[in-house]
Ligand SMILES: Cc1ncc(COP(=O)(O)O)c(C=O)c1O
């Protein structure tokens, strides 16, 4: 590991309730301050391999899966997966029950990939319904968002994986805002492709995204090569053969990501999941007590993100609440649900119960303040 520099700077700790880039630990922030290094050096190549190994360990995929690492935001991993996995004779069924499912549709459209969509914004993708669509025999792949960050819905990953296996369809999963926090065990829940990024539930800085894919898919990826920057086979193969990423990596972000992966493994995904759920419950209970209603029924809530219905507080000006909390170093996030007036709060990040209680205290202060 590179030598750490001794320069120290006091950094405020902000409570980010936007769904990533998330609040990071001091340890992850400090990991970015390293000696300069050329990323073509062997030592840096080893760091890239360690990052990939750590990603696989988080999902229990070390024996069965491989990783393609990209210098890109999460959408880059999404694009790389779709353009690399879906061949000329394939057809993908996309579950479009939120903004990110619709983004997958946009990507397929722009590359001319064959696809159909099922479900609308806010719908729950019942596994039986998914199965009946797949039973048409038209599809080679199914693409689904695990945690739809636009609504806060946790889609039924385990059941959908079982359906795909039963009907012999390959499964593509966007686990952008779940991988690292929600326990996904690739041995128990078979998945062909699953992608996420450095800055969500693994709590690193933004700048890297990754695709975890089953070893059995390597031959298809090689045959399907049609993208350039976002070609998953080339990106993976280059690291195996040359011990380097194909294009310039963000050196400091990589060191921080490694630290965040170690932090995730030390906390353990089960414990992190427990922490997220406890944090989410404080927000849910606190806002409910204040008279807020939520976009989703309780049964579908992810326990990672809460979409609040602003119509349940007609007098509330979201921007005013945002600005009040922002001064208190708390960031809340606007909604994206069409024809619904919502805002969002996520518990992604190095956040504690004390942070959540402070959020509720400050929101109560906002409603009680005498202008
Ligand atoms: C489920 C999901 N998929 C894809 C993305 C896109 O990621 P990015 O904004 O990093 O490109 C996001 C971003 O929040 C997301 O939540």
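General remarks:
Yes/no per residue for (1) free of Cβ contacts under 8 Å to residues at least 40 places away in the same chain; (2) over 26 Å from the mean Cα position of the chain (by Cα):
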{"residue": "284", "(1), (2)": "yes, no"}
{"residue": "297", "(1), (2)": "yes, no"}
{"residue": "300", "(1), (2)": "no, no"}
{"residue": "304", "(1), (2)": "no, no"}
{"residue": "308", "(1), (2)": "yes, no"}
{"residue": "314", "(1), (2)": "yes, yes"}
{"residue": "320", "(1), (2)": "yes, yes"}
{"residue": "325", "(1), (2)": "no, no"}
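- Residue within the range 47-60 that is part of a loop (DSSP other than H, G, I, E, B), at negative phi and crowded, with 17+ Cβ neighbours inside 10 Å present: yes
- If you filter the range 69-96 down to residues that are in a strand (DSSP E or B) and within 13 Å of the ligand (Cβ to nearest atom), you find that the one that is farthest from residue 108 (Cα to Cα) is 70.
- Comparison of 150, 196, 161, 234 shows that the only residue that is outside any strand (DSSP E or B) and within 12 Å of the ligand (Cβ to nearest atom) is 150.
- The single condition from (1) part of a loop (DSSP other than H, G, I, E, B); (2) touching a residue at least 60 places away in the same chain (Cβ under 8 Å); (3) over 23 Å from the mean Cα position of the chain (by Cα) that residue 11 fails is (2).
- Check on residue 184, within 16 Å of the ligand (Cβ to nearest atom) and not in a helix (DSSP H, G or I): yes
- Screening the candidates 240, 225, 235, 281 for the property of being surrounded by fewer than 18 Cβ atoms within 10 Å (Cβ to Cβ) and either at pLDDT below 95 or touching a strand residue (DSSP E or B) at 6+ places or on another chain (Cβ under 9 Å) (or both) yields one hit, 240.
The values are calculated or read from the model by the stated rules, or taken from the named source; none is laboratory data. Keep in mind that what you see is a predicted model, and the values were worked out from it rather than measured. So basically every Cβ, Gly included, is an ideal-geometry build from the backbone, and we count neighbours across all protein chains shown.
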